[in-house]
Amino acid sequence: MESKSLVNIKSFKNNSGDNFGKVMLSDKVGLNINFDKSDLIKDKIGEIKQDTTYHYYCRNEWGLHDIVIYIAQKIGPCKLYFSTWSIGNEAIITLNECKQQGLFSQIYGILSNRVIHNHPDIYNAACNAFDKVVLAELHAKVAVLENENWTISMFGSSNMTLNPRIERNAIVTDKIVAAADRDFLLKIIEKDEA
């Protein structure tokens, strides 16, 4: 398996003042979402290849949801399984828009059980936007994309929010590794418990 290091730490501030992850999806999927972060991600990630691990750092440039959408646009319509300790309303809106436009056939999420107490509005929004949302005691930030040609796992310290601190993440396109992450997430989602 090839491993590609994408270390490029730089300070980044969103000049437009908003934190919404708007995604410009590729013509091959025929979707119409504008993503002003795609060039930033492309500069660090580049093209996605099978059986490769990509390592990268970022700082307030994008959240886990942004990288999920960027990769999904490269591989085409797929299912999304994820777990996150924190999710923002902008991530919920953007992922749901992508689902409405056909990029995601299904979205299954696992949120930290603290969200029901600390942010019930976020929990309710996620439940309304995604196919299934469960709560668990977790701190893991993992996303798996799957279609007939790809199974990709993304994991690291980034939540589905923007964070001004340095984040460390990896993308794995090895189907065996990604399928193990998918199976673990599905076990929690299907049992509705951690």
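The values are calculated or read from the model by the stated rules, or taken from the named source; none is laboratory data. None of these values were measured; they are calculated from a predicted model. Counting neighbours? That spans all protein chains shown, and the Cβs are built from the backbone with ideal geometry, glycine included. Remember, those area values only see protein heavy atoms, side chains included, never the ligands or the DNA or RNA. Shrake-Rupley method; radii C 1.70, N 1.55, O 1.52, S 1.80 Å.
Pairing residues of region 162-181 that are among the polar types (S, T, N, Q) with residues that are part of a helix (DSSP H, G or I), at Cβ distances under 8 Å and at least 6 apart in sequence or on separate chains, gives Asn169/Leu64; Asn169/Ile67. The condition of being at pLDDT below 95, polar (S, T, N, Q) and more than 15 Å from Arg182 (Cβ to Cβ) holds for only one of Asn113, Asn124, that being Asn113. Is there a residue in region 49-63 that is under 15 Å from Glu146 (Cα atoms), touching a residue at least 40 places away in the same chain (Cβ under 8 Å), of a type outside the set (D, E, K, R) and touching a helix residue (DSSP H, G or I) at 6+ places or on another chain (Cβ under 7 Å)? Checked region 49-63: no residue is under 15 Å from Glu146 (Cα atoms), touching a residue at least 40 places away in the same chain (Cβ under 8 Å), of a type outside the set (D, E, K, R) and touching a helix residue (DSSP H, G or I) at 6+ places or on another chain (Cβ under 7 Å).
Look at (1) open to solvent by 10 Å² or more (accessible area, probe 1.4 Å); (2) not in a strand (DSSP E or B) and you find that Tyr108 fails only one, number (2). Taking the criterion of being touching a strand residue (DSSP E or B) at 6+ places or on another chain (Cβ under 6 Å) and open to solvent by 20 Å² or more (accessible area, probe 1.4 Å), the residues of region 123-132 that qualify are Cys127, Asp131, Lys132.
Can Ala178 be described as crowded, with 20+ Cβ neighbours inside 10 Å and closer than 22 Å to Gln101 by Cα? The answer is no for Ala178.
Taking the criterion of being surrounded by fewer than 24 Cβ atoms within 10 Å (Cβ to Cβ) and under 19 Å from Ile41 (Cβ atoms), the residues of region 79-92 that qualify are Gly88, Glu90. Counting just the residues of region 57-78 that are open to solvent by less than 10 Å² (accessible area, probe 1.4 Å), outside any strand (DSSP E or B) and hydrophobic (A, V, I, L, M, F, W, C), which one comes out modelled with the lowest pLDDT? The qualifying residue modelled with the lowest pLDDT is Trp62.
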